[in-house]
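Below is one structure; the comments refer to it alone.
No value in this document is a laboratory result; all are computed from the given coordinates. None of these values were measured; they are calculated from a predicted model. As a convention, Cβ positions derive from the backbone with ideal geometry for all residues, glycine included, and neighbour counts pool all protein chains shown.
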């Protein structure tokens, strides 16, 4: 049984208004709840916002990653194969890594820098680069995308934590790489209950993702010319991860508010940085125009993390390990544990994540910082 613990300062926030509730009622009134006109409109709007040609909406960011990887195994020219090498970030979410493992790719686990993202380095054996802007921080995405183009390597941008962030060069997160993936989970920058999307400018990848999303059939990509082709299945390793209309309708309203939400998150981040400047912590270094998903930092003394977590939670402030921590510290990372990722391991031992909201939470920040001062000073 799942028991929800109520915190005065949670790690996840949602901001809905009348618009989201009206959108739900619009879907209810229509009587159509699975993939339909709301989702098609969302796909057009997400593609336009990110300057992309194509968008495929799915039921979660995790599914977006899965479908993106699957599509690269079915492209006509130079498809990925089991045993190919893929560069993956040492800090990410489990579903950044799990589709790669599922499809039999061998991983080059790359360490992070003080942005908590992977800096550019030479990786000749790789057929795939997965770049993951951590917690709303867009650092190094453009570098990796350019390197992939030059080497003919596929690049996937797992932007599920970072919708709305912009690089130093002015590129929106989600606008780069062969494929970009988004998440609209309840507490993410766009709060759509559940939801995800795949963005690409490649017509073949778009067609494949639409088929893999829905049973592997051609029904969503071409009009049948004869009766028996109305249900024609071309891809065997396919799924059913279509989104629901209620989720899509809510996400459309949330997308309209993304700019306001980002401004509030950045103001909260700046308030937290200012309030903790004299504490023995090291903040994640933000670059570009970040859209901070949380207050992310590491403790100078890792031994202080356990008492700090206890004190925060005892006083109604939730906290957790940043993102998924260091990949090789988890059971699924055991086969790659001989690869050295000291910076990620340090963050795994000493890192902490407090929530950030798309509205002003100055009082909650003050409460958390006062507790931090009692434990750390």
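In the chain, the calculated helix contribution to ellipticity at 222 nm averages -11000 deg cm²/dmol per residue, counting -39,500 (n - 2.57) for every DSSP H run with n ≥ 4. Sorting the segments 66-73, 260-267 by their residues' average number of neighbouring beta-carbon atoms within 10 angstrom, most packed first, yields 66-73, 260-267.
By the beta-carbon count within 10 Å of each Cβ, the least crowded to most crowded order of 106, 229, 338, fewest first, is 338, 229, 106.
Protection proxy ranking for 20-29, 181-190, using the average of other Cβ atoms within 10 Å per residue and placing the highest first: 181-190, 20-29.
Sorting the segments 35-41, 53-59, 306-312 by their residues' average number of neighbouring beta-carbon atoms within 10 angstrom, most packed first, yields 53-59, 35-41, 306-312. Computed from Cα positions, the angle between helix 61-72 and the longest principal axis of the chain comes to roughly 50 degrees. Let me make sure I get this right: for the stretch 152-249, a, b and c are the square roots of the gyration tensor eigenvalues over alpha carbons, sorted descending. Under 1.5 in a/c it's rounded, otherwise prolate if a/b > b/c, else oblate. Which is it? Oblate.
What is the stretch 1-83 by shape, rounded, prolate or oblate, if you read a ≥ b ≥ c off the alpha carbon gyration tensor as root eigenvalues and call it rounded for a/c under 1.5, prolate for a/b larger than b/c, and oblate otherwise? Verdict is oblate for the stretch 1-83. Shape class for the stretch 258-377, computed from the alpha carbon gyration tensor (a ≥ b ≥ c): oblate, with a/c not under 1.5 and a/b at or below b/c. Between 0 and 90 degrees, the angle of helix 18-30 with respect to the longest Cα principal axis of the chain falls at about 30 degrees.
Between helix 258-275 and the chain there is an angle of about 20 degrees, using the helix long axis and the longest principal axis of the Cα atoms.
Dividing the mean sequence gap of close Cα pairs (under 8 Å, 6+ apart) by how many residues the stretch 1-155 holds gives a relative contact order of 15 percent.
Taking label positions 7 Å along the Cα-Cβ direction at both residue 332 and residue 45, the computed distance is 3.1 nm, reported to one decimal. Between the stretch 193-254 and the stretch 144-165, the alpha-carbon centres lie 22 Å apart.
Relative contact order for the chain: 24 percent, from Cα pairs under 8 Å spaced at least 6 residues apart, divided by residue count.
FRET efficiency for the pair residue 285 and residue 223, taken as 1/(1 + (r/R0)^6) with r the Cβ-Cβ distance and R0 = 45 Å, rounds to 0.30. On the beta carbon distance between residue 150 and residue 240, with R0 = 30 Å, the FRET formula returns roughly 0.20. When only Cα pairs below 8 angstrom with a gap of at least 6 residues are kept, the stretch 275-377 shows a relative contact order of 40 percent.
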